[in-house]
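The values are calculated or read from the model by the stated rules, or taken from the named source; none is laboratory data. Keep in mind it's a predicted model, so treat the numbers as computed, not measured. Virtual Cβ from ideal backbone geometry, glycine too; neighbours counted across all protein chains shown.
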Amino acid sequence: MDHRVKPGGDEKRKAGVTMSRKPARKVSKRKDTDDDLTPKEWQARHDAACAIVARKYCDIFEFWRDCRYKPCRSARRCIGDARHCLDQRWASVPYDLGITADRRMSAETPPNADRFLWGAHQRAHHSVGKRNPKLPDNRNRREAGKETTTRETTTQATPQIEAQAKSQP
């Protein structure tokens, strides 16, 4: 018997068998859970990711060797406030060591990292430190300043207007 495939021989065999195919499901775009975060939650997740990366940078630069916080020296790694430590001491890091650490951190980004952790891993070592703590205060002061200036101008303008009204016959 000849088992070789003959041209056109498959058509007879396929004609008798009808294969049912399931319709291809539409791949729905995964809803990102980060889209419905409040600004405070967003900031908290960003700060947490930056704290993780700052601790890694502190360990790379071995700031624990001459840290004032004794548990850091005992553990031989950063245990304290890593963002503050990095913010205070990043200027003492040589340029080439900083560039090497930035590249290493970018390469060590976990494959399952969320957008916050991924973004923090891509930042340079000098920009992961503490965020400006005065920003929310400045915003609150600015808003409070607008209210006080409006109140002051209203209270100052009222006697002047009343005085002008009295002087006119």
_Within the range 118-131, tally of residues that are closer than 12 Å to LYS56 by Cα and not in a loop (DSSP other than H, G, I, E, B)_ = 3
_Condition check for ARG65: modelled with pLDDT of 60 or more, among the charged types (D, E, K, R) and part of a helix (DSSP H, G or I)_ = yes
*Specify which of the listed residues (ALA124, ALA107) is at pLDDT 90 or above and either surrounded by fewer than 10 Cβ atoms within 10 Å (Cβ to Cβ) or touching a helix residue (DSSP H, G or I) at 6+ places or on another chain (Cβ under 7 Å) (or both).*
ALA107
*Just a yes or no: is a residue in the range 46-58 part of a helix (DSSP H, G or I), touching a residue at least 12 places away in the same chain (Cβ under 8 Å) and among the β-branched types (Val, Ile, Thr)?*
yes
*Within the range 109-128, can you find the residues that are out of contact with any Lys or Arg (no Cβ under 8 Å at 6 or more places or on another chain) and under 23 Å from HIS84 (Cβ atoms)?*
LEU117, GLY119, ALA120, HIS121, GLN122, ARG123, ALA124, HIS125, HIS126, SER127
*Would you mind stating whether PRO39 is over 14 Å from the mean Cα position of the chain (by Cα) and either basic (Lys, Arg) or surrounded by fewer than 16 Cβ atoms within 10 Å (Cβ to Cβ) (or both)?*
no
*If you take the residues of the range 78-100 that are under 19 Å from the mean Cα position of the chain (by Cα) and closer than 11 Å to VAL128 by Cβ, which of them is surrounded by the fewest Cβ atoms within 10 Å (Cβ to Cβ)?*
ASP87
